[in-house]
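This report concerns only the one structure given below.
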Amino acid sequence: MTATSKAETPVLELRGVTKTYSVKQGLFGTAKPLTAVNDVSLSLGRGQVLGLVGESGCGKSTLAKILLGLEAPTQGEVRVDGERIDAADRRKLARRIQPIFQDPYSSLNPRKSIEDIVSLPLLVHDVGDSASRSKAVREILDIVGLPARVMQTYPSQMSGGQRQRVAIARALIMKPEIVICDEPTSALDVSVQSQILNLLGDLRAEFGLTYLFISHDLAVVEHLATRVAVMYLGRIVEETQVADLFDTPRHPYTQALLKSVLTPDPGQGVPDTELGMEYPNPIAPPPGCHFHPRCPVAMDKCRTDRPYPVATPDGHVECHLFGGEQTQPTKSA
Amino acid sequence: MPDPLLPEPLLTVRGLTIDIPVGGGTLHAVRGIDFDVNRGETLCIVGESGSGKSLTSLALMGLLGGRIDRRAARMEFDGIDLTGANKRTMRALRGDRMSMIFQEPMTSLNPAYSIGDQLTEALLLHRDISRDAARARAVELLEKVGITAAASRLGQYPHQLSGGLRQRVMIAMALMCEPELIIADEPTTALDVTIQAQILRLLVELGREMNMAMILITHDLGVVARVADKVAVMYAGELVETGSADEVFNAPMHPYTRGLLRCIPQPGKTERGARLGTIPGIVPSLVGKVSGCPFRTRCDQVVDACRQDVPHRHPGAGEHAFRCVHENGLRAGGEVVT
């Protein structure tokens, strides 16, 4: 399940990460557990891009929050460069993992100048003096393709694409190893999206960055990612190399997701994903395999027994079609 | 030139112009666009933010604010003149013969009214029909858009439904009076890709079944290619290229259309990880006098003549048309980059 050779320590590793929330339904309802992230183990080598895909509510954003130290996992651990990171130590985490969010209109403080916004991480971590911080801002703006004169302007004076460049500059100024990109281009126009995707690709090559790239746009994920993890109701149901996933999707859910991609080819009509039902309620997930009520090839077993991860040549899949028996005791709840 | 053998289009728009007074003068948001929509046909208007595509749809429905100046040489819906139509005429058309589906199902459904009340409102207003019959029709349509336990949904409120269900309710609502024209403004943008495919399939199937015309407004080229009969590419308030989906996607002529198609990663065509095409620069300001080709500031085929009036060109025998000073969308010696 690792993207790296045995000798190299993965830059990012998740081991059995689980996050359970307590959710009240209605004003007087009793609290019920909601497992947003369910026993997720992932390993990512330096310079890799892990695309994380799945429908809204599957736990993608909760996973991102755990990595950013904004949420503590209920169980399991996060390791960066082999070192276990305690979510309580957010400052330390923030030096190594930085986010780029979806909406550059709401993720930048409108009352701060671009220089203030981009230099804030340096200030928080008490790096350098005023002059050196200013110099660092100028350098990073140049790297993301913004002229130094924007330093004294405000977010409202910038276009969406420029704002997203500012957000990228802010994420990179602490020279993090890992960048969590949560739908970084979905609020942008097509012509701007391609500029930002190119920039993210260039930055990765130049600085050896590792990305966790969360997106609902599978064409974009296919283009940028080196590995892809497919998430369904808190579990990673398939994870493998990008070419392997897109060329030979194994899990029926992955197949349905790929089917739903609308390539710009006229005359082909809108595909039938055969995903009949609504996304299930995560508070009361279906028994057995969580995907079985929507699965076009569900068997009797899928309705009662949960599947376990099965190793594939490049990753794993979690589906009874491929075995998915419990072969070793797992830590899962 | 109207073909005497063809029926009159359901909707005819000629020279639609929308001016918005702003602080520094007038924003020429839409400048003289022409299009037709036939019965049972789907026209997709594709463009980026600020291109004027949503304003165009609101103009058709007569939903622009009072300060906005809307003019047209001709704007007719089934022979009814929309340019001079008074509020009463428009109110009679809206929700009955033409209806609209908006992007955000959360903000366009009223949170204080039940699904049933909102679904039946238009029908009770436009038709002489009993409340029970209207509710029966609502259940029928909810089932048609794939909502299970439809009857029990009528008493529910929008917050009790997921995004995908709310959008289906919006579609059912738009269909209540069996409209002849549906205008859908980014109907699937806020939804998951899996739900998007289901909703689009549903719209296409229902459109075919009811011989309904549809204007679909979107920025998503994939959606356009799969759903459109006809495509209109809009840029900075003008239709820069129009034609059948096949013509526009397989033989794009305008440098903007070509540029857009290069910007998106196309599975199976674009090499994984390769650099994507870009369109440098930003959309020009449309405040004050706008002249020449609006795309010239970002165009890789720009020449001096682009400052002058831009001719309409018709490259083939079909309806394919584009606006460019270059005969084939390329300056002398230029090559199509794919």
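Computed quantities for the displayed model
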| read-out | value |
| --- | --- |
| Subset of the stretch B:102-126 that is crowded, with 18+ Cβ neighbours inside 10 Å and in a helix (DSSP H, G or I) - its residue that is farthest from the chain's Cα centre (by Cα) | B:G116 |
| Residue among B:T278, B:T270, B:T297 that alone is polar (S, T, N, Q), surrounded by fewer than 17 Cβ atoms within 10 Å (Cβ to Cβ) and closer than 30 Å to A:L199 by Cα | B:T297 |
| Pair list, Cβ < 6 Å and 6+ apart or interchain, from the stretch B:107-131 residues that are under 20 Å from B:E178 (Cβ atoms) to residues that are surrounded by 13 or more Cβ atoms within 10 Å (Cβ to Cβ) and among the acidic types (D, E) | B:H126/B:D96 |
| Close pairs from the stretch B:216-237: first over 18 Å from B:I101 (Cβ atoms) and in contact (Cβ under 8 Å) with a residue 24 or more places away in the chain, partner buried (at least 23 other Cβ atoms within 10 Å of the Cβ) and among the acidic types (D, E), Cβ under 6 Å, at least 6 apart | B:V233/B:E241 |
| Of the criteria (1) on the phi < 0 side of the Ramachandran plot; (2) in a loop (DSSP other than H, G, I, E, B); (3) of a type outside the set (F, W, Y), which one B:A305 fails | (2) |
| Residue in the stretch B:158-176 that is more than 26 Å from B:V204 (Cβ to Cβ), of a type in the set (S, T, Y) and over 21 Å from the mean Cα position of the chain (by Cα) present | no |
| Boolean, A:L212 is surrounded by fewer than 24 Cβ atoms within 10 Å (Cβ to Cβ) and more than 12 Å from every other protein chain (Cβ to nearest Cβ) | no |
| Filtered residues of the stretch A:196-255 (kept if touching a Lys or Arg at 6+ places or on another chain (Cβ under 9 Å), assigned to a helix (DSSP H, G or I) and of a type in the set (V, I, T)) | A:I196, A:V242 |
| Residue check, B:I129 at pLDDT 90 or above and part of a loop (DSSP other than H, G, I, E, B) | yes |
| Test: residue in the stretch B:308-325 that is part of a strand (DSSP E or B), charged (D, E, K, R) and either within 15 Å of B:A236 (Cα to Cα) or outside the structural domain of B:R31 (by TED's automatic domain parsing) (or both) | yes |
| Qualifying residues in the stretch A:242-255 (those that are touching a residue at least 24 places away in the same chain (Cβ under 8 Å) and more than 24 Å from B:C263 (Cα to Cα)) - the one nearest to the other protein chains (Cβ to nearest Cβ) | A:Y253 |
| Conditions (1) at the interface with another protein chain (Cβ under 10 Å from one of its Cβ atoms); (2) over 28 Å from B:V227 (Cα atoms); (3) among the small types (G, A, S); (4) surrounded by fewer than 18 Cβ atoms within 10 Å (Cβ to Cβ): number failed by A:A311 | (1) |
| Failed item in (1) within 15 Å of the chain's Cα centre (by Cα); (2) free of Cβ contacts under 8 Å to residues at least 24 places away in the same chain, with A:E83 passing the rest | (1) |
| Tally, over the stretch A:294-308, of residues that are more than 11 Å from A:Y253 (Cα to Cα), surrounded by fewer than 13 Cβ atoms within 10 Å (Cβ to Cβ) and in contact (Cβ under 8 Å) with a residue 12 or more places away in the chain | 1 |
| Any hit, the stretch A:274-296, residues being of a type in the set (F, W, Y) and in a loop (DSSP other than H, G, I, E, B) | yes |
| Matching helices (runs of 4 or more DSSP H) fully within the stretch B:149-228 where at least 3 residues are more than 9 Å from chain A (Cβ to nearest Cβ), closer than 25 Å to B:A112 by Cβ and out of contact with any His (no Cβ under 9 Å at 6 or more places or on another chain) | B:150-153, B:163-175 |
| Selection within the stretch B:21-70 - of a type in the set (D, E, K, R) and over 16 Å from B:M90 (Cα atoms) | B:R31, B:D34, B:D36, B:R39, B:E41, B:E48, B:K53, B:R67, B:D69 |
| The listed residue being within 30 Å of A:R46 (Cβ to Cβ) and within 14 Å of chain B (Cβ to nearest Cβ), out of A:S119, A:S186, A:S132, A:S159 | A:S186 |
| Residues located in the stretch B:265-281, provided they are touching a residue at least 12 places away in the same chain (Cβ under 8 Å) and either closer than 12 Å to A:P264 by Cα or facing chain A (nearest Cβ under 7 Å) (or both) | B:L276, B:G277, B:T278, B:I279 |
| Single condition A:R149 does not satisfy, out of (1) in contact with a strand residue (DSSP E or B) (Cβ under 7 Å, 6 or more places away or on another chain); (2) loosely packed, with under 15 Cβ neighbours inside 10 Å | (1) |
| Residue selected from the stretch B:242-251 under the condition surrounded by fewer than 24 Cβ atoms within 10 Å (Cβ to Cβ) and in contact (Cβ under 8 Å) with a residue 60 or more places away in the chain, by the criterion nearest to the other protein chains (Cβ to nearest Cβ) | B:A245 |
| Top-ranked residue in the stretch A:260-279 [being under 21 Å from A:A298 (Cα atoms) and within 21 Å of the chain's Cα centre (by Cα); ranked as farthest from the other protein chains (Cβ to nearest Cβ)] | A:Y279 |
| Selected residue (criterion: surrounded by the most Cβ atoms within 10 Å (Cβ to Cβ)) from residues of the stretch A:85-106 that are assigned to a helix (DSSP H, G or I) and among the aliphatic types (A, V, I, L, M) | A:L93 |
| Sole exception among (1) surrounded by 14 or more Cβ atoms within 10 Å (Cβ to Cβ); (2) under 30 Å from B:G237 (Cα atoms); (3) in contact with a Ser or Thr (Cβ under 8 Å, 6 or more places away or on another chain) for B:R74, by number | (1) |
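Condition check ((1) more than 30 Å from A:G59 (Cβ to Cβ); (2) part of a loop (DSSP other than H, G, I, E, B)) across all residues:
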position: A:K112; (1), (2): yes, yes
position: A:R133; (1), (2): yes, no
position: A:G145; (1), (2): yes, yes
position: A:R149; (1), (2): yes, no
position: A:M174; (1), (2): no, yes
position: A:T185; (1), (2): no, yes
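Residue-wise test of (1) over 22 Å from B:P267 (Cβ atoms); (2) crowded, with 20+ Cβ neighbours inside 10 Å; (3) in the same structural domain as B:I33 (by TED's automatic domain parsing); (4) in contact with a Ser or Thr (Cβ under 9 Å, 6 or more places away or on another chain).
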residue: B:D192; (1), (2), (3), (4): no, yes, yes, yes
residue: B:Q196; (1), (2), (3), (4): no, yes, yes, yes
residue: B:L200; (1), (2), (3), (4): no, yes, yes, yes
residue: B:L203; (1), (2), (3), (4): yes, yes, yes, yes
residue: B:R208; (1), (2), (3), (4): yes, no, yes, no
residue: B:N211; (1), (2), (3), (4): yes, no, yes, no
residue: B:I215; (1), (2), (3), (4): yes, yes, yes, yes
residue: B:T218; (1), (2), (3), (4): no, yes, yes, yes
residue: B:D229; (1), (2), (3), (4): yes, no, yes, yes
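The values are calculated or read from the model by the stated rules, or taken from the named source; none is laboratory data. All values derive from a computational prediction rather than experimental measurement. Here the Cβ is made from the backbone with ideal geometry for all residues, glycine too, and neighbour counts use every protein chain on show.
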